[in-house]
Amino acid sequence: MTQILIIEDEEPIRRVMVRILSEESASYEITEAEDGKKGLSKLEKNSFDLVLCDIKMPKMDGIEVLQAAKAKGIYVPFIMLTGHGNVETAVEAMKLGAYDFIAKPPDLNRLLTAVRHAIENKTLRKENLKLKRKVAQKYTIVGESEPVIKMKEMISKVAPTDARVLITGENGTGKELVAHQLHQQSDRSKENFIEVNCAAIPSELIESELFGHVKGAFTSAVKDRSGKFEAANKGTLFLDEIADMSLAAQAKVLRALQEKKIQRVGNEKDISVDVRVIAATNKDLLNEIKEGRFREDLYHRLAVIMIHVPSLDDRKEDIPLLVSHFVDLLSKEQGLEKKSFSDGAYFKLNAYPWTGNVRELRNVVERLLILGENPISSENIVQFAPK
């Protein structure tokens, strides 16, 4: 049921709104309050999806109710009801966070449209929050070993700044998790996080992917297209496997970092961008520079802060925590049965050389949840884990 609270001191108007809303949907459960104080009391004691609140009331007016609700951490959309001549007050309410305002006596269509939109907006916000929490869980850095604690401390210090970060580490260590945490803990967290795998894009297309192109710039450019830098404007751009980027594209990335401007392929017009760039690589960039495959000036632009992600072999004490995390995650994502691991199973997992790091461990846990016994034994590890 959708819970709606009507705070209105004029009983005839309350009665009209109750009738209109009840006829609109049987899923609307409506509560009434005849003044601001009683309305606030109901807000404190119950959970509502929407509040219809008169502005001019005795004891406590609508503006005061709205302010008090916000101060108490009650976040629910308010639609303010205003009489003629109170439009300025209604605008003030909008500035304070009200969703909308309607003149009295309320127009039927205007009222129902505002109510539907407010409820849809709240539902969308709930879904977005749920999705963000799900994403946050997916990109949690799991571990309490000394290398992981130091890495988390570094992330906490660096994330609130706009400093560029170069993340290093072997394949499968979780460099993308560090990038996500840097974004989620930053002031840019409400904006886009755009990821580009430089190794997965052909060298002849990487510039178009990053900077966009105009129609006719090359054979397959049939229309104008924005690139990842524009998509990440005000947010974060994560350049994974940066060492695999062509030298030509490196030069353009360098210019974007220096001047905060880009040009689409086939166009000389500058486009201003405000992007925090985070890069990652599993290669030794100093050696790549020595071999002429990576620009030294770009390296120094990217490596303002360096964060190294330890290999799993350097943090084996985290294996039980990681296994528990993957069991929870996979059971939710894929509906797999939750299984426990015997002490012998953990001993065997700890003895393996994890060349594929955390990614390999995740794959092994998934395989064991599908094929192993419950609890998973050391024999299951020998049977289904890598040799």
> For segment 226-291 and segment 23-48, what is the separation of their Cα centres, given in Å?
Replying inline: 53 Å
> For ASP313 and GLU153 in the same chain, what is the full-extension length gain: residue separation times 0.36 nm, less their Cα-Cα distance, in nm?
Replying inline: 55.5 nm
> For the pair LEU247 and LEU336, how long in nm is the line joining their label points, each one 7 Å along Cα→Cβ?
Replying inline: 4.5 nm
>> Along the charge dipole of the chain, pointing to its positive end and built from +1/-1 on Cβ of Lys, Arg, Asp and Glu, which listed residue (SER186, VAL253, VAL158) has its Cα farthest out?
In response: VAL253
> What are the extents of the Cα atoms of segment 51-190 along their three principal axes, listed from largest to smallest and rounded to whole Å?
Replying inline: 67, 27, 25
> In degrees between 0 and 90, to the nearest 10, how far off the longest principal axis of the chain does helix 175-184 point, with axes built from Cα atoms?
Replying inline: 30 degrees
> What angle, in degrees between 0 and 90 and rounded to the nearest 10, separates the Cα long axis of helix 146-158 from the longest principal axis of the Cα atoms of the chain?
Replying inline: 50 degrees
>> Tell me the Kirkwood radius of the chain: reciprocal of the mean inverse pair distance over distinct alpha-carbon atoms, in Å.
In response: 25.4 Å
>> Just to check, using Stokes-Einstein with a Kirkwood Rh over alpha carbon pairs, what's the diffusion coefficient of segment 1-85 at 25 °C and 0.890 mPa s in µm²/s?
In response: 192 µm²/s
>> Can you tell me, using C-alpha contacts under 8 Å and at least 6 residues apart, the relative contact order of the chain as a whole percent?
In response: 13 percent
> In nm, to one decimal, how far is the modelled label at LEU257 from the one at PHE218, with both set 7 Å along Cα→Cβ?
Replying inline: 2.3 nm
>> Counting only helical runs of four or more DSSP H residues, what would the 222 nm mean residue ellipticity of the chain come to if each run contributes -39,500 (n - 2.57) and the total is spread over all its residues?
In response: -14000 deg cm²/dmol
> Tilt of helix 108-138 relative to the longest C-alpha principal axis of the chain, in degrees (0 to 90, nearest 10)?
Replying inline: 30 degrees
> To the nearest 20 debye, what is the magnitude of the charge dipole of segment 26-128 about its Cα centre, counting +1 on the Cβ of each Lys and Arg and -1 on the Cβ of each Asp and Glu?
Replying inline: 240 debye
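Readers should treat all values here as calculations from the given coordinates under stated rules, not as data from a laboratory. Bear in mind that the values here come from a model prediction, so they are computed numbers and not experimental data. Please note: Cβ atoms are built from the backbone with ideal geometry, for glycine as well, and neighbour counts cover all protein chains shown.
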